[in-house]
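Enquirer: Handing you this structure, nothing more for now.
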Amino acid sequence: MTKALVLGAFVGLALGTFVTVLVVIVSTILAFAQGRRIDIPGIYSVWADDSVGAAGLAFIPNFVGMAVAVAAVMAICMAVAAFSRTRSVAR
């Protein structure tokens with residue numbers, strides 16, 4: 001069981017980090033392409049800004065929210081690993 005929890009933690013950490021970074025990248029691209037504000041509550045806010053005459057982006061990251069999102073995905077993966085059962089093949 002401990003092996004399954006550790007494996008679930010590593011998979012959850014990798015998956016949570018990947019999903020969080022992917023959400024930040026996609027929202028940044030959408031904000032720049034559409035020229036509007038995109039908010040992901042508790043994680044990230046980004047908007048197009050041309051206050052100095054050049055196209056640009058302004059953003060407010062929330063690193064605690066990102067860590068909580070990664071931890072939530074990790075906890076879900078650990079729960080799935082803990083409650084999943086492996087069945088041995090009858091020989």
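The values are calculated or read from the model by the stated rules, or taken from the named source; none is laboratory data. Given the structure is predicted, the values throughout are model-derived calculations rather than measurements. For neighbour counting, all protein chains shown are included, and Cβ atoms are generated from backbone atoms with ideal geometry for every residue, glycine included. Side chains are part of the model used for accessible areas, which takes the heavy atoms of the whole protein and leaves out ligands, DNA and RNA. Shrake-Rupley method; radii C 1.70, N 1.55, O 1.52, S 1.80 Å.
Enquirer: Considering only segment 54-66, how many residues are open to solvent by less than 60 Å² (accessible area, probe 1.4 Å) and in a helix (DSSP H, G or I)?
Expert: Number satisfying all stated conditions: 2.
Enquirer: Does residue 51 satisfy the criteria of being under 20 Å from residue 5 (Cβ atoms), surrounded by fewer than 11 Cβ atoms within 10 Å (Cβ to Cβ) and either of a type in the set (Ser, Thr, Tyr) or in contact (Cβ under 8 Å) with a residue 12 or more places away in the chain (or both)? Spell out how you get there, then give the answer.
Expert: On the way: under 20 Å from residue 5 (Cβ atoms): no; surrounded by fewer than 11 Cβ atoms within 10 Å (Cβ to Cβ): yes; either of a type in the set (Ser, Thr, Tyr) or in contact (Cβ under 8 Å) with a residue 12 or more places away in the chain (or both): yes.
Here the answer is no, as residue 51 does not meet what is asked.
Enquirer: Kindly indicate whether residue 24 is in a helix (DSSP H, G or I) and open to solvent by 80 Å² or more (accessible area, probe 1.4 Å).
Expert: In short, no.
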